Amino acid sequence: MWDSSRVTPDPATALPGGSDHVGPRIRALREERGMSLSALARAAGVGKATLSGLEAGTRNPTLDTLHSVAAALGVALTALVEGRPARIVGRAVRIDLLRAFDDGPATYELYRMQIPAGASQVSPAHHPGVTEHATVFAGCLRAGPVEAPGRAEAGGFLEWAADVPHGYAAEGTADVHASLLIRYPR
């Protein structure tokens with residue numbers, strides 16, 4: 001289980017480099033799918049006012065909101081930050097996008113991930129079929145489905161279905177440094 005006493009609050013924005021490009025991208029993807037603002041808000045489990053503010057550029061997204069909206073639209077996270085180098089900050093996890101690429105039936109995102117010692121966060125489910133793969137370079141990572149996380153130390157590897165709520169934690173006294181590969185089926 002995840003120790004909620006060690007989960008830090010969401011930062012004000014998941015995109016410290018600026019999020020002005022996200023709103024128009026969300027609106028375009030929503031309209032391509034013929035979804036109303038209300039329908040997307042319901043599907044993503046976010047407030048209609050929050051989604052409206054994101055689209056208008058008056059609100060900054062949290063990582064949970066970005067994941068929820070991407071899942072509801074059935075797209076990779078990078079589809080929302082299209083074409084921008086991204087540092088994405090969650091409650092505990094900081095990820096730097098290294099590369100996003102399409103390969104046949106899937107889109108992949110490769111990130112450098114850091115988690116401060118003792119920190120943890122739970123992320124919402126991605127759309128069906130999404131998997132995550134982490135290779136640990138330093139520290140001890142606990143990650144995977146909330147109900148059955150795995151554990152890997154430096155040199156170890158974890159993979160899990162990410163279409164369910166899942167979490168990340170740095171166990172012990174060392175920060176976790178890892179790569180994170182997310183596979184989104186089309």
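Bear in mind these aren't lab numbers, they're just calculated from the coordinates by the rules spelled out. Computed from a predicted model, the values in this text were never measured in an experiment. Methodologically, a virtual Cβ is constructed for each residue, glycine included, from the backbone with ideal geometry; neighbour enumeration extends over all protein chains shown.
Does Ala148 qualify as being more than 13 Å from the chain's Cα centre (by Cα) and either closer than 17 Å to Leu66 by Cα or crowded, with 18+ Cβ neighbours inside 10 Å (or both)?
It is false that Ala148 is more than 13 Å from the chain's Cα centre (by Cα) and either closer than 17 Å to Leu66 by Cα or crowded, with 18+ Cβ neighbours inside 10 Å (or both).
Quick test for you: out of Pro165, Pro124, pick the one residue that is surrounded by 15 or more Cβ atoms within 10 Å (Cβ to Cβ) and within 14 Å of the chain's Cα centre (by Cα).
Exactly one residue qualifies, and that residue is Pro124.
Run Ile115 past the list (1) surrounded by fewer than 16 Cβ atoms within 10 Å (Cβ to Cβ); (2) touching a residue at least 24 places away in the same chain (Cβ under 8 Å) and report the number of the one that doesn't hold.
(1)
Looking at the range 64-74 only, could you name the residues that are crowded, with 21+ Cβ neighbours inside 10 Å and closer than 15 Å to Glu109 by Cα?
Result: Leu66, His67, Ala70, Ala71.
Looking only at the range 151-181, count how many residues are in contact with a Phe, Trp or Tyr (Cβ under 7 Å, 6 or more places away or on another chain) and either more than 17 Å from Ala92 (Cα to Cα) or of a type in the set (Lys, Arg) (or both).
2
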